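Read-outs: derived from the displayed coordinates by stated rules, not from any lab. Everything numeric here is computed off the predicted structure, so don't read it as measured data. So basically every Cβ, Gly included, is an ideal-geometry build from the backbone, and we count neighbours across all protein chains shown.
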Amino acid sequence: MLTPPSDLDEATIAHALARWGLRSPELEYLPVGFGSHHWRAGDTFVTVDDLAAGFQAGDDEDEAFAALERAYGTASALRDVGLEFVLAPVADDEGTSIRRLTERYAVSVTPFVDGTSTSWGAYESKDERRRVAALVGRLHVAGDDVRDLPRLDELTIPSRSVLLEALATLDVPWESGPYAEPAREALAAAADDLHRRLAAYDEDAARVLERTHSWVVTHGEPHRANFILTSEGLRLVDWDTTRLAPRERDLWLVLDDELTGWDEYAAVVGDVSLDRETLALYRRWWGLADIAVFTADLRRPHVDSEQSAANLKTLCENLAAPA
């Protein structure tokens, strides 16, 4: 997130961090990521998840927190079975990897590592894709040992109920903030196409849900912004969307149209098949999820901020993108 939460003070965070042995930490806000807020405290990376927003949001904050507990617990287990590239949350003094701060926010801690990372976007070279594909293969293989820990991916679109409510109220002004009306106008212009996209997605998702026996433990977002290149190799961060899912959930972000990286992936996991339709389904899920999540954000009370402006921009881009 580009800006810190207005309804959470740093003193509350600092108090909670004592459970991780951090006393009176100096917190430096880092404007990165979406759905979570981040600070640096010395050699510690502090994440505060917003349980009411983002891809992890459920029907309520308690459900979102339970999902994060399982996701972070899975990441920690993957690290413990030998995946050195998994940069997972560390446990506090009671062995818990994530703690509630308030009804809306929860905090977790990971080591801060020196390295380089990039912004969201496609991998810039085929060598990058090959290298990442091999790591994703290792994740999918090692996940067999912990497959009972993560939630099953139900292919649901986060904040879909809010999106449907928004589509049903396009004929009245939205007054939640300065970007509400532009969001309503953008949705109104694309409403018919969006209803068609949702219906087509549901039909294809039902087909994929029939084959859960072959699913693997997935990260969910292995795009280049979630990899940090350190002196000891790549580190994969941001494990909040970890789920048991089709391997294509990760691979659509790694492979290109020529399937660069598939050979390296298959060399690790063995004789498996790739379903191009499922690859396409997850690409469509990402666009629909962005539309729903950013609509939900702009339907909530908000102010004129860099973050709200970025949310409107992303919403409009995904509405205009090919289905």
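Odds and ends about this structure:
- Largest mean-square fluctuation among L164, L298, L194, in a Gaussian network model of the chain whose springs join Cα atoms under 10 Å apart, belongs to L164.
- Taking amide H positions as modeled 1.01 Å from N, with prolines and chain starts lacking one, the residues under 5 Å from L30 and 5 or more places away or on another chain are H38, W39, R40.
- Relative compactness, the stretch 15-105, computed as alpha-carbon Rg over 2.2 N^0.38 Å: 1.09
- Among R207, R131, R284, the largest mean-square fluctuation in a Gaussian network model of the chain (Cα springs under 10 Å) belongs to R207.
- Fluctuation leader among T74, T212, T12 - the chain, Gaussian network, Cα springs under 10 angstrom: T12
- Normalised contact order of the chain, rounded percent, pairs of Cα under 8 Å and 6 or more residues apart: 21 percent
- Antiparallel bridge percentage (DSSP; both residues within the chain; nearest 5): 95 percent
- Averaging Cα coordinates gives a centre for the stretch 262-317 and one for the stretch 47-109; these two points are 20 Å apart.
- Paramagnetic label zone (point 7 Å from Cα along Cα-to-C-beta, S161; backbone N under 18 Å) in the stretch 275-304: 289, 292-301
- Taking a sphere under 13 Å around the Cβ of L8 and counting the other residues whose Cβ falls inside, with K and R at +1 and D and E at -1, yields a net charge of -4.
- Fewest-first sequence of H213, H15 by Cβ atoms within 10 Å of each Cβ: H213, H15
- Cα-based shape type of the stretch 183-323, given that a ≥ b ≥ c are square roots of the gyration tensor eigenvalues and the cut on a/c is 1.5: oblate
- Across the stretch 115-222, Cα pairs under 8 Å and at least six residues apart give a relative contact order of 41 percent.
- Stokes-Einstein D in µm²/s, Kirkwood radius over Cα pairs - the stretch 74-160 at 20 °C with 1.002 mPa s viscosity: 134 µm²/s
- Applying a DSSP loop filter and a limit of 15 other Cβ atoms within 10 Å to the GluC sites (Glu not before Pro) in the stretch 192-257 leaves E232.
- Global form of the chain, assessed from the alpha-carbon gyration tensor, a/c cut-off 1.5: oblate
- Calculated P(r) of the stretch 1-153 - Cα pairs past 18 Å, %: 63 percent
- Expected 222 nm ellipticity per residue - DSSP helices of 4 or more, -39500 (n - 2.57), all of the chain, to 500: -13500 deg cm²/dmol
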